[in-house]
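Just so it is clear, none of the values below were taken in a lab; they were calculated from the coordinates. Bear in mind that the values here come from a model prediction, so they are computed numbers and not experimental data. Ideal geometry is used to build each Cβ from the backbone, glycine not excepted, and the neighbour counts take in all protein chains shown.
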Amino acid sequence: MSKKNEVMLNHEIRANEVRCLGDDGTQYGIISRNDALNLSEEQGLDLVLIAPDAKPPVCKIMDYGKFKYQEEKKKKEAKKKQKVIEVKEIKLSVKIADNDINYKIKHAREFLEAGKHVKFRVFLRGREMANPDAGIAVLERVWPMVEDIAVREKPPKLEGRYVNMPTTPKQK
């Protein structure tokens, strides 16, 4: 656990005076740490330091175990609602034949119809790096075959040894 996420409880709190808040919202004002600890023990709860940088530091009397459980539950709930975007990659080459393009486009169309993003990549080998326009030309040949069901995020662009063209499925 990192220092940033670590919470000080009960006797770990070093400040002599603290501003104390109750679990139900009541404010006890600025009291000594020992008085705050006694109040929390009487209620059977924990004294939690919530604002250590404030003058004086702010503490709250709460059930820390229950609080931590609810925080974890919120994180899990947020993670469930998160949508994961899957990107499929279709690799092509400069010297690709038409029937190979058709075969790869068939797969790309299946991915797009399933709602997945597709990234078309042309790998440039050796001397092909001297003429990256050949890779762009291949992607420009591919684009009309999928434009009815896809949206081009960016035009074909040279990135290192690859010419990339990312596409997303059209919204229905």
Label ALA134 and HIS11 with points 7 Å out from Cα along Cα→Cβ: what is the distance between them in nm? 7.6
Which whole-number percent is the relative contact order of the chain (Cα, under 8 Å, 6+ apart)? 15
Computed [θ] at 222 nm, helices only, for the chain once each DSSP H run of length n ≥ 4 contributes -39500 (n - 2.57): -11000 deg cm²/dmol
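Antiparallel versus total DSSP beta bridges in region 87-169: what percent is that, nearest 5? Can you show the working numbers first?
Values: 12 of 19 bridges.
For region 87-169, the DSSP antiparallel bridge percentage is about 65.
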Between THR168 and ILE30, what FRET efficiency comes out of the Förster formula 1/(1 + (r/R0)^6) with R0 = 41 Å and r the beta carbon distance, rounded to 0.05? 0.15
Once the Cβ-Cβ distance between GLU153 and ASP53 is put in as r, and R0 is 41 Å, what FRET efficiency do you end up with, to the nearest 0.05? 0.40
Per-residue HN-Hα couplings for region 95-108, Karplus 6.51 cos²θ - 1.76 cosθ + 1.60 at θ = phi - 60°, whole Hz, x for Gly and Pro? 9, 6, 7, 4, 5, 5, 4, 4, 5, 5, 5, 4, 5, 4
The distance between the Cα centres of region 103-144 and region 157-172, in whole Å, is 8
Taking the DSSP beta bridges in the chain as the whole, what percent of them are antiparallel, to the nearest 5? 70
